[in-house]
Structures are given as C-alpha cells and as structure tokens.
Amino acid sequence: MTTPQQPRAQWLGRWGFVLAATGSAVGLGNIWKFPYITGEHGGGAFVLVYLACILAVGVPVMMTEIAFGRRGRGSPIDAVRRVVTESGRSPLWSLLGWMAMLAGFMILSFYVVVAGWSFSYLWKMVTGQLAGSNVDDMVAIFAANNANPFNLGFWSTLVTLLTMLIVGKGVQAGIERSVSWMMPGMVIMLLILIGYGMFSGGFGEAWRFLFSFNAGSLTSDGMLAALGHAFFTLSLASGAILTYGSYLPSRTSIARTTFSVAVADTLVALMAGLAIFPIIFANGLNPGEGPGLLFMSLPLAFQAMPLGTLFGILFFVMLSMAALTSSISMVEATVSWLVDNKGISRRTAAWGTGIVLWLISTLAMLSFNLGADWTLAGRHFFDWLDYLTSRWMMPLGGLGMALLAGFVLKSESFREELGLAPHWHALWLFMVRYVSPLGILVIFVDALGIARVEFGMHWPWLLLLLALVTLAGEILSPRLRRTLAG
Ligand code: PFF
C-alpha cells in the first residue's frame, strides 16, 4: 500500500469543495449536451426520467464516491485500495479506480474538442465573424469551423493548455482559486440570459417542451441516455468527484454537500434549457438538431436581439468557463495519482498528462475533418469515446461502487464517513444496495435487447421487482458478503 509522502492537501475555504465539485458537475453537459439530448429524445418524459436517475442513482453514488475519496485520502486507485484493504477485501477491487481514472481521461479527450468550439465561438463573436441571416448560414459556419484541422486543433490545444496550467498550480492555488470566481460569474451570466429568454416569445413553448410529460415519446434508448447523462452531468465514476472528495476536511457533511452539488447541477441544466429552447422555438428551429444545436441556433438569435453581441459574448464566456472548471476535475485524478506514486512534482505530472491528452484529443478532433471517414461500426473515434464512457464505463463503475459499499465493505467505514442519523443511513444503504443497482441493471437489460422495458406501462412491475430483490438481498446478504469476499 502506498502512502503519500506529504499530508494530502485540503480545500482551504468552507465553500472550496462545493464550488469545485459544482464546477466539475456544471459544464458542457448541462449547457450543451442536456438541451440537445432532451431535444433528440422528445422533451418532458426524458426530463422526468433524468431527474429520477439523478435522485435514485446519482445522489447515492455521489455520496459513496466522496466517502471513498475521503476515507482513502488518495486518487481513485489508491483510495479504493485503501478502503477495501481496511475491510480485509481483495485489492483487485481497485480496478474500479483504474476504470474511473481511464473514463475521466477518455471523457476529457473529446471534451476539450467541444470546449474548443466554445472558445472559438467566443472569438468569432468578439471579432464579428458570426454574421449570417438564416440557419443555413450558421450550419455553414459550424461546418467550416470543423473542417479545418488546424483551426479546430488550435482551440482544443488552448483548452488543454489552460487545463494543465490550472491543475499544475495545485489544489488550492489552482483549482480552488479559479472556481471561486468562475462559478459565481457563470451563474450571473446564465440568469441574465434566462431573463432574455422570458421575453423572446418562445418561453411558453420551451416550458411545455421541457416539463410536459408524454410517456409515449420515451424510447428505451432515451432511458439509457438519461441514465448515462445523470452520471456524466454529476461527474460520477470518472475519478473527479472521488479525488475532490479526498481533499474534503473530515468534519464536513458528505450528504449536505452532495445535495448542494446535485441541486445546483440540476438547476443549471434546467435553466440552460429555459435559456436555449425559447430562442430555438421563437426562431422556428428544430430542437432535435443534435450536437450542433447550441452552436447553430444561438448565434442566429444573438444577431437578432438588441445588444446581441454583448449577450453572445457573455454566453460563450460562461460556456467556456463552465467547460474549464469541468476539464480540470477530469485530470485531477490522474495527476494526483502520478504525484503520489511516481515521486514527480505536480507541475511535471500535469504537463506529462497534458501531452498524452493532447495526442488522443487530436485524434478525436480529426473525426470532424481529415478522419471524417474513419468509422468503426458507424461511429467516429469522437463518438466512441462518448459512447463507451457515458453508456458503459460510468454506469458500470457506479454499479461497482454501489455494490462494494452496500454489500462487501465493513458497514462501519461508511457509517463513520457519512455520519448520518440512523434512518438516513438506512435510506442510503437501501439506495446503494438495491435502487441504484437495479436501476442500472434494468436499463442495461433493456439496452442489450434482452427484454423491453416500457417505462410508462411497467413501473408497477419494476416496483414489485425492487421489493422482491430487496427481500432476497436482505435475507441472503450475509452469505453474499462471504462469497464476494472469497
Ligand atoms: N459534469 C461535466 C459536465 O456536465 O459537463 C462533465 C464531466 C466532468 C464528466 C468531470 C466527468 C468528469 F469527471
């Protein structure tokens, strides 16, 4: 077992963890991805399943991850190994930590490309290059921006450099200091934009699109996307939250901070929807446009509105900052692992990680131009990174953490770390033992085509299944623990 040479850094301020973890959670996922996948999957019903996933799976798994991080005081690999060995279990479980760290790295490899879009659009906004009179013009600008690998590569390289610069400075001087001004700034800008959306003429339609429940519009693919996105948007099972948790002072309440982060993240996603969809509906655009939704529709609206350039700049500054506070969290796991285990300085670790990241993200970036024909099973490299992490690695990692905490490890470890009143602890245990795993499994079964789960019709059966599994689990769990321990 490795022990770090120096005592591990901790967040300085009372709000350090909440700001950093919210900074990690709130990102392109909320402002770019949530609106477009909601558009693709038909609106209200998707939003409802997504909210259920946040509550039933996201929150319990996030609490578990933070507890792992703080108890193990290390990167995902070291922290998980310490916590499992404390319970006398096999160190092989630290494979979960490896998978998380790899997921964080893979996500960042495509994330910097999208963040690069945001930075390049900010530049275009400032220099007046987003002039066009209709959607077709905007589609052409978006396509031209992607077609040149040097242009696209320049912006993703810039994001990589900024990320590494901040992470290289350390937990307090780099991460904590940067999020403490970027996060409040972001919220103010978002509020201004919603204020605009309210008067743009499409607000009512946007509201109905997001919040009216129509079970028929939800497909099983939509359900899987909702679950994958719940993990993605809360930065779960990718090393970020666990590593930030490892810097959490021991007296801070994990449950309370988790709730603050989850609520803030959900609010920002819904607010982003309320800022973006009115503009889309007011301009007669298609909400199911896909990944380009934000970049093709908003610039058009900004041109038509009074002070549009100013609002446009505000928007892309906000989006770029949101992206950056998330990017830094994705590499922190790798950097802290290198620092703790390889005896190198944080700066060297950050730049070394940055070079590898740059190489992989360049491949992802090429999916939009030179490598437009390089597909495997219909997916580009960029899409594979997104698909593998969101749909498989994050849900599987979350499932592993939940089962580990729920059934395998000593219950005292989590009782001490979470410090909850008995009835709240029982609720958390019920969630990580049964509700979260079952939720993940049902959606996998559906996605693999083993059985079809129609959410609208089958929920009574799902509740019955949950009751039966809980009963069986509670009767069998001592035996189960012995088996898993062996
Ligand atoms: N939560 C971020 C977003 O919604 O944009 C994405 C993310 C950050 C995923 C950090 C994973 C991660 F480790």
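The values are calculated or read from the model by the stated rules, or taken from the named source; none is laboratory data. Keep in mind that what you see is a predicted model, and the values were worked out from it rather than measured. Backbone-built Cβ (ideal geometry, glycine too); neighbour counts: all protein chains shown. Only protein heavy atoms, including side chains, enter the accessible area calculation; ligands, DNA and RNA are left aside. Shrake-Rupley method; radii C 1.70, N 1.55, O 1.52, S 1.80 Å.
Per-residue answers, yes or no, for (1) part of a helix (DSSP H, G or I); (2) within 20 Å of Q10 (Cβ to Cβ); (3) within 12 Å of the ligand (Cβ to nearest atom); (4) touching a Pro at 6+ places or on another chain (Cβ under 6 Å):
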{"site": "L319", "(1), (2), (3), (4)": "yes, no, yes, no"}
{"site": "T325", "(1), (2), (3), (4)": "yes, yes, yes, no"}
{"site": "S329", "(1), (2), (3), (4)": "yes, yes, yes, no"}
{"site": "E332", "(1), (2), (3), (4)": "yes, yes, yes, no"}
{"site": "V335", "(1), (2), (3), (4)": "yes, yes, no, no"}
{"site": "D340", "(1), (2), (3), (4)": "yes, yes, no, yes"}
{"site": "G352", "(1), (2), (3), (4)": "yes, no, no, no"}
{"site": "I360", "(1), (2), (3), (4)": "yes, no, no, no"}
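Confirm whether F199 is open to solvent by 10 Å² or more (accessible area, probe 1.4 Å) and either within 25 Å of I107 (Cβ to Cβ) or in contact with a Gly (Cβ under 7 Å, 6 or more places away or on another chain) (or both).
No.
Just wondering, is there one or more residues in the range 84-92 that are open to solvent by less than 20 Å² (accessible area, probe 1.4 Å), of a type in the set (A, V, I, L, M), within 12 Å of the ligand (Cβ to nearest atom) and part of a helix (DSSP H, G or I)?
Checked against the condition, which is being open to solvent by less than 20 Å² (accessible area, probe 1.4 Å), of a type in the set (A, V, I, L, M), within 12 Å of the ligand (Cβ to nearest atom) and part of a helix (DSSP H, G or I), the range 84-92 yields no hits at all.
Inspect the range 186-196 for any residue being in contact (Cβ under 8 Å) with a residue 24 or more places away in the chain, under 27 Å from G354 (Cα atoms) and either loosely packed, with under 15 Cβ neighbours inside 10 Å or under 24 Å from the mean Cα position of the chain (by Cα) (or both) and give the result as yes or no.
Yes, the range 186-196 contains a residue that is in contact (Cβ under 8 Å) with a residue 24 or more places away in the chain, under 27 Å from G354 (Cα atoms) and either loosely packed, with under 15 Cβ neighbours inside 10 Å or under 24 Å from the mean Cα position of the chain (by Cα) (or both).
Considering only residues that are more than 17 Å from F209 (Cα to Cα) and buried (at least 23 other Cβ atoms within 10 Å of the Cβ), which ones fall in the range 33-53?
Once the filter is applied, which keeps residues that are more than 17 Å from F209 (Cα to Cα) and buried (at least 23 other Cβ atoms within 10 Å of the Cβ), the range 33-53 yields only C53.
When residues of the range 411-421 are filtered for being touching a helix residue (DSSP H, G or I) at 6+ places or on another chain (Cβ under 7 Å) and surrounded by fewer than 18 Cβ atoms within 10 Å (Cβ to Cβ), how many remain?
1
Inspect all residues belonging to the range 212-220 and state whether any of them is assigned to a helix (DSSP H, G or I), open to solvent by less than 30 Å² (accessible area, probe 1.4 Å) and not hydroxyl-bearing (S, T, Y).
No, there is no match, as no residue in the range 212-220 is assigned to a helix (DSSP H, G or I), open to solvent by less than 30 Å² (accessible area, probe 1.4 Å) and not hydroxyl-bearing (S, T, Y).
For I141, are the conditions met, namely being without any contact (Cβ under 8 Å) to a residue 40 or more places away in the chain and either of a type in the set (A, V, I, L, M) or in contact with a Pro (Cβ under 8 Å, 6 or more places away or on another chain) (or both)?
no
Do we find that G308 is closer than 30 Å to D78 by Cβ, free of Cβ contacts under 8 Å to residues at least 24 places away in the same chain and not hydrophobic (A, V, I, L, M, F, W, C) in this structure?
Judged against the criteria, G308 is not a match.
Within the range 251-258, is there a residue that is at pLDDT 90 or above and within 15 Å of the ligand (Cβ to nearest atom)?
Yes, because at least one residue in the range 251-258 is at pLDDT 90 or above and within 15 Å of the ligand (Cβ to nearest atom).
For the range 157-172, what are the residues that are modelled with pLDDT under 80 and either of a type in the set (S, T, Y) or open to solvent by less than 50 Å² (accessible area, probe 1.4 Å) (or both)?
V171
Could you list, in sequence order, all residues of the range 118-137 that are of a type in the set (A, V, I, L, M, F, W, C) and within 11 Å of I313 (Cβ to Cβ)?
Once the filter is applied, which keeps residues that are of a type in the set (A, V, I, L, M, F, W, C) and within 11 Å of I313 (Cβ to Cβ), the range 118-137 yields L122, W123, M125, V126, L130.
Would a scan of the range 224-238 turn up a residue that is in a loop (DSSP other than H, G, I, E, B), away from the ligand (no atom under 16 Å from the Cβ) and at pLDDT below 90?
For the range 224-238, residues in a loop (DSSP other than H, G, I, E, B), away from the ligand (no atom under 16 Å from the Cβ) and at pLDDT below 90: absent.
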